[in-house]
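Okay, so here's the structure we're looking at.
The values are calculated or read from the model by the stated rules, or taken from the named source; none is laboratory data. Quick caveat, the model's predicted, so the values are computed rather than measured. Positions of Cβ are backbone-derived with ideal geometry, glycine not excepted, and every protein chain shown enters the neighbour counts. For accessibility, only protein heavy atoms count, side chains too; no ligands or nucleic acids. Shrake-Rupley method; radii C 1.70, N 1.55, O 1.52, S 1.80 Å.
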Amino acid sequence: MKQVYLDYAATTPQSIEVAKAMKPYSGKFYGNASSLHQFGQRAHEAVEMSRQNIAKFFNCFAAEVFFTGSATEADNLAILGVIKNSKYHVVTSIIEHPAVLEPIKHLEKLGEIEATYLSVDKNGLITPEQVEKAIRPNTVLISIMYANNEIGVIQPIAEIGKTIKAVNQKIIFHTDAVQAANYLDCDVQKLGVDLLTLSGHKIYGPKGVGALYVKKGVAIEPIMFGGHQEQGLRPGTENVAAIAGLGEAIEQIKNEKRKMKNLEKLRDRLADGILKNIPKTSLNGSRDHRLPNNANISFAGVEGESILMALDQKGIAVSTGSACASGSLEPSHVLMALGLSHQQAHGSIRFSLGKYTTQEEINYTLKVLPDIIKRLRAISPLK
Ligand code: PLP
């Protein structure tokens, strides 16, 4: 059977270049990066080379890049690490990834902070004015994602950054750039962010590695203890192979950016093909302010899970809501934030394309989907 992977927002396959960069450190160069002998120095060099690559990508100093065990950990560190006083106020949006929302809710439950959750418009967008209005004299942290994992909507981070700093230079601005990194400029100077999160496995790198940019001078404390690694901010022996892979994945992004127009064309072909040929379908989230690889579509009168399973039987992999939310009966908090009904949210599918997606795969998907929807609608109790 044909295998078509359209779930790049959940995870990406590792590129050949990444696998090659990792191999020596999974094998013969097994030293601990903290050891003083040559085995250790070899590993240390790999970690520092990766840090340099990422620093170049962020346009920051290498000492401002901290490796973590995932983007979830980097998001948690960004939030829990800067909150040190019960009088603090945090601003975020209701469409953030759970890796941002949950630590904030946790602190709120403990009574350690007050939080404001900004709503989005029907396109999934937040405005700088909304952020400005939410700022209080005791606001210490603002966390707004660069691009959303479910609908691919891109927020105006640079404008929001400018607005925040015009109100109060001391407010720490964090952005989760996990889904954006493949496609958007992650120059932290241009974005005006103090903290930025990156994940390895969304950029054709390894799973289980992330990075956090921390601007020099930002008051942040570790959330784990027991080692001196990463300047004491993230203790624990570094995963050298994964870090080397992350550095190579970042290096490869430069080569891929030129191919973005082609990806966008394929995505448009898929989205327009569905919207035109299948009745009662609609695109969720802004069309203009959107990652080039994302099409999130609602199919009226059908359960998303049924579509996912039927597509899987044809060898096509997609997602309902986010990978983390699938398996839960709760409708996606992102789709609900756009104003969709429970039924519309439940009938949504996220198609996310990537650098290995071909026109033939899109044609195949467009060929099999109308019959699947027709068949499911005929037997669906939802009308
Ligand atoms: N933030 C966003 C926007 C994501 O899409 C994801 C993964 O789905 C994460 C954070 C978590 O990344 P990781 O799997 O590296 O913990």
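Being closer than 17 Å to PRO156 by Cβ, more than 10 Å from the ligand (Cβ to nearest atom) and of a type outside the set (Gly, Ala, Ser) is the filter here, so list the residues in region 178-193 that pass it.
Passing the criteria: TYR183, LEU184, ASP185, CYS186, ASP187, VAL188, GLN189, LYS190, LEU191, VAL193.
Examine region 210-231 for a residue that is open to solvent by 40 Å² or more (accessible area, probe 1.4 Å) and within 16 Å of the ligand (Cβ to nearest atom), and state whether such a residue exists.
Yes, the conditions are met somewhere in region 210-231.
Can you name the residue in region 359-383 that is without any contact (Cβ under 8 Å) to a residue 60 or more places away in the chain and under 25 Å from ASN293 (Cα atoms) and, of all such residues, is least open to solvent (accessible area, probe 1.4 Å)?
VAL368
May I ask you to list the residues in region 99-113 that are modelled with pLDDT of 95 or more and in contact with a Lys or Arg (Cβ under 9 Å, 6 or more places away or on another chain)?
Within region 99-113, no residue meets the criteria.
Per-residue answers, yes or no, for (1) under 20 Å from ILE253 (Cα atoms); (2) surrounded by fewer than 17 Cβ atoms within 10 Å (Cβ to Cβ); (3) in the same structural domain as ASN149 (by TED's automatic domain parsing):
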site: LEU36; (1), (2), (3): no, yes, yes
site: GLN52; (1), (2), (3): yes, yes, yes
site: ALA71; (1), (2), (3): yes, no, yes
site: VAL90; (1), (2), (3): no, no, yes
site: ILE94; (1), (2), (3): no, yes, yes
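Which of the residues spanning region 232-251 are open to solvent by less than 40 Å² (accessible area, probe 1.4 Å) and either aromatic (Phe, Trp, Tyr) or assigned to a helix (DSSP H, G or I) (or both)?
Step one: of region 232-251, the residues open to solvent by less than 40 Å² (accessible area, probe 1.4 Å) are 232-233, 235-236, 238, 240-247, 249-250.
GLY232, VAL240, ALA241, ALA242, ILE243, ALA244, GLY245, LEU246, GLY247, ALA249, ILE250 - these are the residues of region 232-251 that are open to solvent by less than 40 Å² (accessible area, probe 1.4 Å) and either aromatic (Phe, Trp, Tyr) or assigned to a helix (DSSP H, G or I) (or both).
Residue by residue, here is whether (1) open to solvent by less than 20 Å² (accessible area, probe 1.4 Å); (2) at pLDDT below 95; (3) over 20 Å from ALA10 (Cα atoms) holds:
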{"site": "LYS276", "(1), (2), (3)": "no, no, yes"}
{"site": "ASN284", "(1), (2), (3)": "yes, no, no"}
{"site": "ASN294", "(1), (2), (3)": "yes, no, no"}
{"site": "SER298", "(1), (2), (3)": "yes, no, no"}
{"site": "LEU308", "(1), (2), (3)": "no, no, no"}
{"site": "ASP312", "(1), (2), (3)": "no, no, no"}
{"site": "ILE316", "(1), (2), (3)": "yes, no, no"}
{"site": "HIS342", "(1), (2), (3)": "no, yes, yes"}
{"site": "SER352", "(1), (2), (3)": "yes, no, no"}
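Pick from region 150-164 the residues that are open to solvent by 10 Å² or more (accessible area, probe 1.4 Å) and either of a type in the set (Asp, Glu) or not in a helix (DSSP H, G or I) (or both): which of them is farthest from SER319 (Cα to Cα)? Full working, then the answer.
Keep residues of region 150-164 that are open to solvent by 10 Å² or more (accessible area, probe 1.4 Å), which gives 154, 156, 158-159, 162-163.
This time we only want the ones that are either of a type in the set (Asp, Glu) or not in a helix (DSSP H, G or I) (or both), so: 154, 156, 159.
Details: ILE154: 20, PRO156: 26, GLU159: 31 Å.
My answer is GLU159.
Looking at this structure, is THR175 of a type in the set (S, T, N, Q), more than 13 Å from PHE67 (Cβ to Cβ) and not in a helix (DSSP H, G or I)? Please lay out each step first, then the result.
Details: of a type in the set (S, T, N, Q): yes; more than 13 Å from PHE67 (Cβ to Cβ): yes; not in a helix (DSSP H, G or I): yes.
In short, yes.
Among the listed residues THR163, THR175, which satisfies the condition of being away from the ligand (no atom under 16 Å from the Cβ) and assigned by TED's automatic domain parsing to the domain that holds ALA55?
Values: THR175 fails: away from the ligand (no atom under 16 Å from the Cβ).
So the residue among THR163, THR175 that is away from the ligand (no atom under 16 Å from the Cβ) and assigned by TED's automatic domain parsing to the domain that holds ALA55 is THR163.
Please determine, by comparing only the residues of region 167-181 that are over 18 Å from ILE79 (Cα atoms) and touching a helix residue (DSSP H, G or I) at 6+ places or on another chain (Cβ under 8 Å), which one is least open to solvent (accessible area, probe 1.4 Å).
ALA181
Which pairs turn up if I take residues in region 318-336 that are in the same structural domain as LEU270 (by TED's automatic domain parsing) and under 23 Å from LYS122 (Cα atoms) and look for partners that are assigned to a loop (DSSP other than H, G, I, E, B) and modelled with pLDDT under 65 with beta carbon separation below 8 Å, at least 6 apart in sequence or on another chain?
Here the result reads SER319/SER326; THR320/SER326; SER332/SER322; SER332/ALA325; HIS333/ALA325; VAL334/SER322, each pair linking region 318-336 to a residue that is assigned to a loop (DSSP other than H, G, I, E, B) and modelled with pLDDT under 65.
List the strands (runs of 3 or more DSSP E) inside region 37-145, counting only whole elements, that have at least 1 residues being within 15 Å of the ligand (Cβ to nearest atom), touching a residue at least 60 places away in the same chain (Cβ under 8 Å) and closer than 24 Å to PRO222 by Cα.
Details: elements: 65-68, 88-93, 113-118, 139-143.
Strands (runs of 3 or more DSSP E) meeting the threshold: 65-68, 139-143.
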